[in-house]
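The values are calculated or read from the model by the stated rules, or taken from the named source; none is laboratory data. Small disclaimer: the values here were computed from a predicted structure and weren't measured. So basically every Cβ, Gly included, is an ideal-geometry build from the backbone, and we count neighbours across all protein chains shown. Remember, those area values only see protein heavy atoms, side chains included, never the ligands or the DNA or RNA. Shrake-Rupley method; radii C 1.70, N 1.55, O 1.52, S 1.80 Å.
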Amino acid sequence: MEIITTVRELKKCLHLAKKQGKTVGLVPTMGYLHEGHLTLMRKAREENDCVVASIFVNPLQFGQGEDFESYPRDLKQDSLRAASVGVDWVFAPKVAEMYPQGFENMNTFVEVSGVTAGLCGASRPGHFRGVATVVSKLFHIVEPDRAYFGQKDAQQVVVIQKMVQDLNMNVTIVPVPIVREADGLALSSRNLYLGSAERQAALVLSQSLQLATKLLESGVQESDKILQQMTELIQREPLAALEYLVIVDKETLESVSDIQGPILIAMAVRIGKTRLIDNIIWRNA
Ligand code: PAF
């Protein structure tokens, strides 16, 4: 496996592979790789001749006061992990390589409207513009056949799918199910920030989703009833502060009150200073 830090070098390697008719899978990440990322890479490995994993903490998607500076980074460990699942190239550019004029001086952005208004978009203005812009840059650099995204960032998956559809991008988006710890906590690089009491408290996210599943399975169709019981469960945990909890259509992300078709139940909860997200899709078509 090779670590590549420049766009020019990566394009050179990919040009050669594509000339030989090889297909390319891309796994965009911000590094600090865990089992969730490795699951994406394994799937990319199964489905493509070549696999590129990008590791880039993208400043454009972090707001003021967010954790861009402190976001965990460990390229050495990440490279070992990526190599262990058969990644061919780790693309790990510096900020100056991705934004030669400085990310503050960018003139061109990809802005996906509608599906970015609610959920995480409501409390993180500019976040999805940063995500869509960097993912679009990565798609132009790599020109992958397929790109793999974790379903934990459910809104991100919808935003990227919309971008690809609206801009006729020639790539298949492959969403990959959430990977959880044995006790239900969804894997996230940010779990690292949790102290031991917070780690325990963080279980309210998955527990509230399990409660929702039970209610849905027992035939409850009114979103209000489900949201109320989930909210009560989360509020019983003193270390948890609920940012949002919604039941929405899984494609439009519009609010659903009477559950008939496939829905997404999604939430963001602060556990101490750490903001965690989690979700389930019910009746995935
Ligand atoms: O999900 C992430 O880690 C990031 O948002 C992504 C897709 C790599 C873009 O920076």
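Side notes on the structure shown:
- C-alpha long axis of helix 35-47 to longest principal axis of the chain, angle in °: 50
- Mean-position separation - Cα centroids, segment 87-156 and segment 203-264, in angstrom: 28
- Net charge dipole, the chain: roughly 680 debye, given to the nearest 20, about the Cα centre with Cβ charges of +1 for Lys and Arg and -1 for Asp and Glu.
- Relative contact order %, segment 159-285, counting alpha carbon pairs below 8 Å whose residues are six or more apart: 20
- Straight-line cross-link partners of Lys225 among the lysines, defined as a Cα under 22 Å from its Cα and at least 8 positions apart when in the same chain: Lys214, Lys250.
- Using a cut-off of 18 Å between Cα atoms, the listed pairs Lys94/Lys162; Lys76/Lys152; Lys22/Lys43; Lys19/Lys43 include Lys94/Lys162; Lys76/Lys152; Lys19/Lys43 as exceeding that distance.
- Note: relative contact order over segment 1-140, using C-alpha pairs below 8 Å and six or more positions apart, is 30 percent.
- Mean residue ellipticity (222 nm) of the chain, computed from DSSP H runs ≥ 4 via -39,500 (n - 2.57), nearest 500: -11500 deg cm²/dmol
- Semi-axes of the equivalent ellipsoid for segment 142-285, Cα gyration tensor, largest first, Å: 27, 21, 12
- Per residue, segment 122-176 exposes 40 Å² of solvent-accessible protein surface, assessed with a 1.4 angstrom probe and all protein chains in place.
- Computed E for Asp166/Arg270 - FRET, C-beta separation, R0 30 angstrom, nearest 0.05: 0.40
- In nm, spacing of pseudo-spin labels at Glu217 and Ala241 (7 Å Cα→C-beta vector): 3.4
- Build a GNM of the chain with springs between Cα atoms under 10 Å apart, and of Ala147, Ala53, Ala83 the one that fluctuates most is Ala83.
- Using the alpha carbons alone, the radius of gyration of segment 130-191 stands to its Kirkwood radius in an Rg to Rh ratio of 1.04.
- Acute angle (nearest 10 degrees) that the helix 127-142 long axis makes with the longest principal axis of the chain, alpha-carbon atoms: 30
- Per-selection metrics, the chain (Cα): Rg and Dmax in Å: 19.2, 59
- When Asp249, Asp224 are compared by accessible surface with a 1.4 Å probe, the order from highest to lowest is Asp224, Asp249.
- Taking a sphere under 13 Å around the Cβ of Lys137 and counting the other residues whose Cβ falls inside, with K and R at +1 and D and E at -1, yields a net charge of 0.
- Selection from Met267, Pro100, Tyr193, by position along the positive dipole direction of the chain (Cβ): Pro100
- Accessible surface of segment 168-284, 1.4 Å probe, proportion on carbon and sulfur as whole %: 48
- The long axis of helix 7-19 is offset from the longest Cα principal axis of the chain by roughly 80 degrees.
- Each Cα pair under 8 Å and six or more residues apart adds its separation to the average, and for the chain the resulting relative contact order is 16 percent.
- Per-residue HN-Hα couplings for segment 74-90 [Karplus 6.51, -1.76, 1.60; θ = phi - 60°; Hz; x = Gly/Pro]: 7, 5, 4, 5, 4, 5, 4, 5, 4, 5, 5, 10, x, 5, 8, 9, 8
- Solvent exposure of Cys50, expressed as accessible area, is near 10 Å², computed with a probe of 1.4 Å over the protein chains only.
- Computed from the C-beta positions of Ser123 and Leu80 and an R0 of 30 Å, the FRET efficiency is 0.30 to the nearest 0.05.
- For the options Gly130, Gly36, Gly102, a Gaussian network treatment of the chain with springs between C-alpha atoms closer than 10 Å singles out Gly102 as fluctuating the most.
- Note on segment 1-101: with charges restricted to the Cβ of Lys and Arg (+1) and Asp and Glu (-1), its dipole about the Cα centre is near 480 debye.
- Net charge contributed by nearby residues that have their C-beta within less than 13 Å of Tyr32 (K/R +1, D/E -1): 0
- Volume per residue for segment 5-119 equals 150 cubic angstrom (convex hull of Cα atoms).
- Percent carbon-and-sulfur accessible area, segment 1-132, ignoring ligands, DNA and RNA, probe 1.4 Å: 50
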